[in-house]
């Protein structure tokens, strides 16, 4: 096998897994109510279900970007994807544009989309719930002027779709606004460590992903990056 082929085999699982922002604290923002971790999680699960039942349809154009820096070279690829969610039929993805490394497009970005499809087929097994995670209350912090609880999360099982780290939960609406984590299970021996940062923003009545950025250190050298910008959402919901 030539050197480039070996390199490609090493970096492919990094990006496939990675597909699976911090605001400064404002001292004038009041502290959230004193709740236990169990109470925060119970409220989060209950209100997430309410929001999920209310959401009927949404659409956005996502921008996927993959880059690997190592072996004295840089390879990159980009892809725009039309994402649609429908309460009746689930998620669909349609590639709008693509450019850059053919290897990264075929073996990385398209597999990233496939990975999300796979995860959505068993929502119960991948959801941020007490069934899948252990939670501990680590404190509170202000994000964009809103108080938030900080939870330490530990997966109860080893799954490529679960993670360990910290989750920030809005104290008023009990929605996840940010998480910083690493995978519960590494997809490859060649991955030394992966750090995932995801932020959410409120659109209408819903808290939806805004950006996901992952950085992976490879054991034999180099760094891999995957960024997903989720775009502007068009939302249709059931009447209140």
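The values are calculated or read from the model by the stated rules, or taken from the named source; none is laboratory data. In this text, all values refer to a predicted model and were calculated from it rather than measured experimentally. As a convention, Cβ positions derive from the backbone with ideal geometry for all residues, glycine included, and neighbour counts pool all protein chains shown.
Please go through segment 90-116 and give me each residue that is in contact with a strand residue (DSSP E or B) (Cβ under 7 Å, 6 or more places away or on another chain) and either loosely packed, with under 13 Cβ neighbours inside 10 Å or outside any helix (DSSP H, G or I) (or both), ordered by number.
Of everything in segment 90-116, those that are in contact with a strand residue (DSSP E or B) (Cβ under 7 Å, 6 or more places away or on another chain) and either loosely packed, with under 13 Cβ neighbours inside 10 Å or outside any helix (DSSP H, G or I) (or both) turn out to be 91, 92, 93, 94, 95, 96, 97, 98, 99, 100, 101.
Answer yes or no as to whether residue 178 is within 15 Å of the chain's Cα centre (by Cα), surrounded by fewer than 18 Cβ atoms within 10 Å (Cβ to Cβ), at pLDDT 95 or above and assigned to a strand (DSSP E or B).
Working: within 15 Å of the chain's Cα centre (by Cα): yes; surrounded by fewer than 18 Cβ atoms within 10 Å (Cβ to Cβ): no; at pLDDT 95 or above: yes; assigned to a strand (DSSP E or B): yes.
Here the answer is no, as residue 178 does not meet what is asked.
Go through (1) within 23 Å of residue 85 (Cβ to Cβ); (2) crowded, with 17+ Cβ neighbours inside 10 Å; (3) touching a helix residue (DSSP H, G or I) at 6+ places or on another chain (Cβ under 6 Å) and name the single condition residue 135 misses.
Unmet for residue 135, out of (1) within 23 Å of residue 85 (Cβ to Cβ); (2) crowded, with 17+ Cβ neighbours inside 10 Å; (3) touching a helix residue (DSSP H, G or I) at 6+ places or on another chain (Cβ under 6 Å): (1).
Mind checking which residues of segment 225-240 are modelled with pLDDT of 85 or more and in contact with a helix residue (DSSP H, G or I) (Cβ under 9 Å, 6 or more places away or on another chain)?
Hits for segment 225-240 are 225, 226, 228, 237.
Considering each residue of segment 140-164, count those that are crowded, with 17+ Cβ neighbours inside 10 Å and in a strand (DSSP E or B), and give that number.
13
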